[in-house]
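Have a look at the structure below, then the notes.
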Amino acid sequence: MRKAPVTTILDPIEISAVLLECAAQRCLIFSFDLMIVGSELQDAILAKLQRMGFEPDEVMLLASHTHTAPATDQACERLGIPDTAFVGDLAAAAENLVRQIQQRQPAEVSFEVFRGRLDHSVSRRRFWPFPTYGRMYGLRFTSIAFAPNPSAPRDEQATVALLRASNGKVVGLIWHYTCHPTAAVPQDVISADYPGAVRRALRARFGEIPCVFAQGFCGDTRPNIKTSARRNGWRERFRRMIRLIMSGPLFVPPSADDWTRWSQSLAEGVCAIAQGKPVQRFSPASLQTGSARIALSEFFTGSTPDKMLAAQAVRIGEDLEIVSLSAEPSVEWQRTLDEAVPVAPGRIRLYAGYLGALFGYLPTAAQIPQGGYEVEGFQPLFGLSGHFKPDRISPAIAGCVRDAFADLERAKLRTTDPLPLPAQ
């Protein structure tokens, strides 16, 4: 949480985008090196693009969720106060990027999808059976500590989808991984965090191409950084012991060298996956998009910001689809949604959080009675005050995703004479 301006830029933050078109259908997929896109920036971009002929359903705005980027959401001002001029500049930059894309010669593309496993994240929800005391919760006799839990679910599968032109050249890519970008050291800087490190590595391999990042359901996972051994004096050891007694086990802060090793290792792993054998190779002949929204009151009781839970789906051919939510979902939502809305055989589905006007964290029904930061602690920072409904949250979210796919299928019925898919 930032309380003061920063002046150091550790590495650049970017906006990346690809424009997919097929017959009467098209879709713009953006990725922003931002913690949250937010309502103000989303509305400004959609208004500009609507004047260019793009409908809101044709635009997917994804944030990488890096914690070392300027704030953009007024509803989350306790996480950082947005600069109105900066938000306006971002909207103008997104519009200019689309104009540049439209001026380029369209290219028919095929997709090559690569998948592999990494080992760079860990769950941050750990049951602690001893009393703790802290400013956020006061005295608790047991708790869900904000601490590493290697036995809890995580998603280590990384995906890279290359867009390859007919001449064999890679003209863009979409990549996906599931881990909170909270590792950059020092923290009082501007940085794209690990998505920036991966982007630099991918561009070193494939050239200066658009690299769109779809952040997975990483609400309860974070970097698993092995910290280097340090020689601490008795005062530091004593402080750690007191923190353990009062707050339970905590993550050990990494050094700058620790962060560099971890992020470079992750980037090398993603590049190695992208240079392996593709699990899917296809030339899409169709493109469909769909969306749906529900009120937060469907699964939350109490005061909330003026936002809704949005679900957006894009299907590229019959082989790849992206499902995104305007929330910070816990990783187990992937399994829940796969069961509620099964994936077609042979199709790859990528789940992305941090869509548009994100409202806050989305815990699972099982996590709600357990409590913890992802259930209660985050609420004041995001403008919420109340309780999740454990009996309603799963059917409400699954129903919203199901409605987004129903909207996608209706759009599919309106599509006529599918043609090869160009990317710009």
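The values are calculated or read from the model by the stated rules, or taken from the named source; none is laboratory data. Computed from a prediction, not measured in an experiment: that's the story for all the values here. Note that each Cβ is placed from the backbone with ideal geometry, even for glycine, and that neighbours are counted across all protein chains shown.
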Looking at G233, G269, which is the one that is small (G, A, S) and either buried (at least 21 other Cβ atoms within 10 Å of the Cβ) or at pLDDT 95 or above (or both)?
G269
If you check R104 against the conditions, is it touching a residue at least 60 places away in the same chain (Cβ under 8 Å), out of contact with any helix residue (DSSP H, G or I) (no Cβ under 6 Å at 6 or more places or on another chain) and surrounded by fewer than 13 Cβ atoms within 10 Å (Cβ to Cβ)?
yes
What are the residues in the range 337-374 that are surrounded by fewer than 22 Cβ atoms within 10 Å (Cβ to Cβ) and in contact with a helix residue (DSSP H, G or I) (Cβ under 9 Å, 6 or more places away or on another chain), if any?
E339, A340, V341, R349, A365, I368, P369, G371
How many residues, within the range 150-182, are touching a residue at least 60 places away in the same chain (Cβ under 8 Å), in contact with a His (Cβ under 9 Å, 6 or more places away or on another chain) and either surrounded by fewer than 17 Cβ atoms within 10 Å (Cβ to Cβ) or of a type in the set (A, V, I, L, M) (or both)?
3
Residue list for the range 104-118, filter: closer than 14 Å to T159 by Cα and either assigned to a loop (DSSP other than H, G, I, E, B) or out of contact with any Leu (no Cβ under 8 Å at 6 or more places or on another chain) (or both)
R115, G116, R117, L118
Number of the condition not met by R199 [criteria: (1) part of a helix (DSSP H, G or I); (2) modelled with pLDDT of 90 or more; (3) farther than 26 Å from T7 by Cα]:
(3)
Here are R261, R293: which of them is among the charged types (D, E, K, R) and free of Cβ contacts under 8 Å to residues at least 60 places away in the same chain?
R261
Could you please find all residues in the range 362-398 being among the polar types (S, T, N, Q) and either assigned to a strand (DSSP E or B) or out of contact with any strand residue (DSSP E or B) (no Cβ under 7 Å at 6 or more places or on another chain) (or both)?
T364, Q367, S385, S394
Single residue of G80, G38 found to be within 20 Å of P181 (Cα to Cα), in contact (Cβ under 8 Å) with a residue 12 or more places away in the chain and either hydrophobic (A, V, I, L, M, F, W, C) or out of contact with any helix residue (DSSP H, G or I) (no Cβ under 8 Å at 6 or more places or on another chain) (or both)
G80
When you check V98 against the structure, is it more than 16 Å from L358 (Cα to Cα), surrounded by 19 or more Cβ atoms within 10 Å (Cβ to Cβ) and touching a helix residue (DSSP H, G or I) at 6+ places or on another chain (Cβ under 9 Å), yes or no?
yes
Within the bounds of the range 264-280, is there any residue that is touching a helix residue (DSSP H, G or I) at 6+ places or on another chain (Cβ under 8 Å) and assigned to a loop (DSSP other than H, G, I, E, B)?
yes
All but one of (1) within 23 Å of L173 (Cα to Cα); (2) surrounded by 20 or more Cβ atoms within 10 Å (Cβ to Cβ); (3) not small (G, A, S) hold for P82, so report the exception by its number.
(1)
